[in-house]
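Here's the structure we're looking at; comments come further down.
The values are calculated or read from the model by the stated rules, or taken from the named source; none is laboratory data. Worth saying up front: this structure is predicted, and the values here are computed from it rather than measured. Virtual Cβ from ideal backbone geometry, glycine too; neighbours counted across all protein chains shown. To get the accessible areas, we keep the full protein, side chains included, count just its heavy atoms, and leave off ligands, DNA and RNA. Shrake-Rupley method; radii C 1.70, N 1.55, O 1.52, S 1.80 Å.
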Amino acid sequence: LYNGEISWGTFQYMVSDVQYGGKITDSLDVRLFRTYTKEWLTERTCEEGYAYNPATPILKIPNDFQYTVPAFTEHGDFRKYIEKFPENDSPEVFGLHPNADLTYCVKEAASLFKTLGETQPKGGGSDGGVSREDIVCEKASELLKRLPEDYVEDDYKAKIR
């Protein structure tokens, strides 16, 4: 193995342009990813105690969680650390304003309602046939029957261990 100094510029290039460069096609996304690699793939981020948390967050991060690079050597210690991660990461950890999460949620809700609207039968008239609501209810029941059994997080965690 190589035991010399790390060329951080080369490392950043290998990650942002070589490894992921061809997979990111939007020019603004490429620029953003290069910025992330220049900010986060540095010697400073590997120092003990470095945290990705903003110095003064706009909104409180759940449970005051510290996004650090742990110095564990045992697999179990890493698992315990990972299990403490918040359910939803704050956009501030990624250098974004908290409104980025709000924007994401609004777009997801709009997409959901658009999809629901598209499932509505087209046409109209009340010729005594099946109503829209009946068709949607029937389709929802059909989809529910095809779903797997309920997801129980604790059961799956036990299976992974």
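Quick rundown of the values:
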{"quantity": "Those lysines that a straight Cα-Cα span of less than 16 Å connects to residue 114, excepting residues fewer than 8 apart in one chain", "calculated": "122"}
{"quantity": "Positive-end residue, the range 17-161 charge dipole about Cα centroid, Cβ charges, pick of 119, 151, 49", "calculated": "119"}
{"quantity": "Neighbour cut-off at most 12 other Cβ (10 Å), DSSP loop, GluC sites (Glu not before Pro), the range 80-112", "calculated": "87"}
{"quantity": "The range 37-161, accessible surface, carbon-and-sulfur percent (1.4 angstrom probe)", "calculated": "56 percent"}
{"quantity": "GluC sites (Glu not before Pro) lying in DSSP loop within the range 35-74, provided at most 12 other Cβ fall within 10 Å", "calculated": "43, 47, 48, 74"}
{"quantity": "Largest-first principal axis extents, alpha carbons of the chain, Å", "calculated": "79, 42, 37"}
{"quantity": "C-alpha long axis of helix 99-119 to longest principal axis of the chain, angle in °", "calculated": "30 degrees"}
